[in-house]
Amino acid sequence: MPDAFTTRVLNIATGSDERVVDITGDCESFLREAAAGREGLLNVFVPHATAGIAVIETGAGSDDDLLSTLHTLLPADDRWQHRHGSPGHGRDHVLPAFVPPHATLPVVDGRLALGTWQSVCLVDTNVSNHNRQVRLSFLGGVGEA
């Protein structure tokens, strides 16, 4: 009998540039094992004060548009009260108010129920933190698949 709750932590190297990292494949891989054909919910959570989770289209420029929009809304300059770290780092601490650190997604027949162009992405604007963790947690019905 599969467990009703299963969790795994991904370690993702984001490097020293602002990035939108598509983790959809990692989510799907986790669900093949954890969901085993069942229905439930996948929670994706990044336990960092300067990163978020977004469900967006990738590969057609939307990921770059998101980073550009964040630069417009949250400029990396000296206006921020929170001033430790790299110049403008205070804006990284405001990011989770715009790109939350979590997403909860439906799982149907053991698979993510995303729209055609939707991807699950880690959004990281903190150029000083090169490694991130993302916790994937599946909550599903108990019983046979």
Tell me, please, whether a residue that is in contact (Cβ under 8 Å) with a residue 40 or more places away in the chain and open to solvent by less than 20 Å² (accessible area, probe 1.4 Å) can be found in the range 64-73. yes
Consider only pairs whose beta carbons are under 7 Å apart and that are at least six residues apart or on different chains; among these, list those whose first residue lies in the range 87-112 and is open to solvent by less than 50 Å² (accessible area, probe 1.4 Å) and whose second residue is part of a helix (DSSP H, G or I) and among the charged types (D, E, K, R). G110/R32; L112/E28
For residues in the range 115-132 being touching a strand residue (DSSP E or B) at 6+ places or on another chain (Cβ under 7 Å) and open to solvent by 20 Å² or more (accessible area, probe 1.4 Å), which is modelled with the highest pLDDT? Q118
Identity of the residue in the range 16-56, within 28 Å of S68 (Cβ to Cβ) and without any contact (Cβ under 8 Å) to a residue 60 or more places away in the chain, that ends up surrounded by the most Cβ atoms within 10 Å (Cβ to Cβ): A49
Does at least one position in the range 80-103 carry a residue that is of a type outside the set (F, W, Y), within 15 Å of the chain's Cα centre (by Cα) and part of a strand (DSSP E or B)? yes
If R135 satisfies all but one of (1) in a strand (DSSP E or B); (2) buried (at least 18 other Cβ atoms within 10 Å of the Cβ), what's the number of the condition it fails? (2)
Qualifying position, being farther than 21 Å from I12 by Cβ, part of a loop (DSSP other than H, G, I, E, B), of a type in the set (G, A, S) and in contact with a Pro (Cβ under 6 Å, 6 or more places away or on another chain), among A60, A36, A76: A36
Residues of the range 104-132 being outside any loop (DSSP other than H, G, I, E, B) and over 21 Å from E57 (Cβ atoms), in sequence order, are N131, R132
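The values are calculated or read from the model by the stated rules, or taken from the named source; none is laboratory data. Values in this document were obtained by computation on a predicted structure and should not be read as measured data. Methodologically, a virtual Cβ is constructed for each residue, glycine included, from the backbone with ideal geometry; neighbour enumeration extends over all protein chains shown. To get the accessible areas, we keep the full protein, side chains included, count just its heavy atoms, and leave off ligands, DNA and RNA. Shrake-Rupley method; radii C 1.70, N 1.55, O 1.52, S 1.80 Å.
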